[in-house]
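To start, the structure itself, in structure tokens.
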């Protein structure tokens, strides 16, 4: 059985996770065939990260069918991936004006506002999305936004709701990680709560590699070094097995190498940690080089 690895993505490789994000919306019935064809073409380009091509195709669809909401919401995602957040917000707002895809458009517009550090707008949109359709992922994003804003009570209320409605190893892991973050900020009273949640996550998924790492971090902060070492060692074994038996997308292994480098470093195995960091950097460079090519951006260096 392959190890189960859930990753709370570090800032360094956040864009890699965004690269895998894609929501499929049904085409509007009655849209003109040529407009539908352009949306289909744009969707394919979006999946292949050919963002300018996608934007052009969605724009052509809108020129043909000015009220084609699917074209707006997908063009909004394309703009978001290009980090053109204000343009994305305009398209998501237009989608909402057309009274289509409310839950998705609100949640996506919330992501764009969050990227612009407009947290109040982001929270309002996440809340509006949840009123249209309850979604654990959106609730977790709202909780994280609350946490980043320093609103601990509302953040924990959202995390508690996720666990109440959809208890899972991931739900306990995320709340446990929130408690860990709060303890790092100086309130050690959260350590026991974080430990309890990560214990539960590991009980539900005994091969949950990143849960072992975060539990080790809590043990270390509590001064229980032997327990921390044991958890880091378990994590290295699980991550190594994952690397050796990986059958998924190669890019997804970047996170696995990064987590293993962290665990190696905590175990004092600096050479192994450096090797994994080198592998991580190589994969990140390869990933962005591919995406740059697909975005039709040509880099010229003059010496």
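The values are calculated or read from the model by the stated rules, or taken from the named source; none is laboratory data. Remember, predicted model here, so these are calculated numbers, not experimental data. Cβ sites come from the backbone with ideal geometry, for glycine too, and all protein chains shown count toward neighbours.
Across the stretch 221-233, not a single residue is classified as within 30 Å of residue 51 (Cα to Cα), modelled with pLDDT under 95 and in a loop (DSSP other than H, G, I, E, B). Report, ordered by the first and then the second residue, all pairs with beta carbons closer than 7 Å, sequence separation of six or more or different chains, a first member in the stretch 39-58 that is touching a residue at least 60 places away in the same chain (Cβ under 8 Å), and a second member that is assigned to a helix (DSSP H, G or I) and surrounded by fewer than 22 Cβ atoms within 10 Å (Cβ to Cβ). From the stretch 39-58, the pairs are 48/294; 49/19; 49/291; 49/294; 50/294; 51/81; 53/45.
So that you can scan it fast, the table gives a plain yes or no per residue for (1) in contact with a helix residue (DSSP H, G or I) (Cβ under 9 Å, 6 or more places away or on another chain); (2) crowded, with 16+ Cβ neighbours inside 10 Å; (3) in a helix (DSSP H, G or I); (4) at pLDDT below 95:
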residue	(1), (2), (3), (4)
236	yes, yes, yes, no
253	yes, yes, yes, yes
264	yes, yes, yes, no
285	no, no, yes, yes
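This table checks each residue for (1) touching a strand residue (DSSP E or B) at 6+ places or on another chain (Cβ under 8 Å); (2) closer than 27 Å to residue 56 by Cα; (3) surrounded by fewer than 21 Cβ atoms within 10 Å (Cβ to Cβ).
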{"site": "75", "(1), (2), (3)": "no, yes, no"}
{"site": "90", "(1), (2), (3)": "no, yes, yes"}
{"site": "97", "(1), (2), (3)": "no, yes, yes"}
{"site": "100", "(1), (2), (3)": "no, yes, yes"}
{"site": "103", "(1), (2), (3)": "no, yes, yes"}
{"site": "112", "(1), (2), (3)": "no, yes, no"}
{"site": "129", "(1), (2), (3)": "no, no, no"}
{"site": "133", "(1), (2), (3)": "no, no, yes"}
{"site": "137", "(1), (2), (3)": "no, no, yes"}
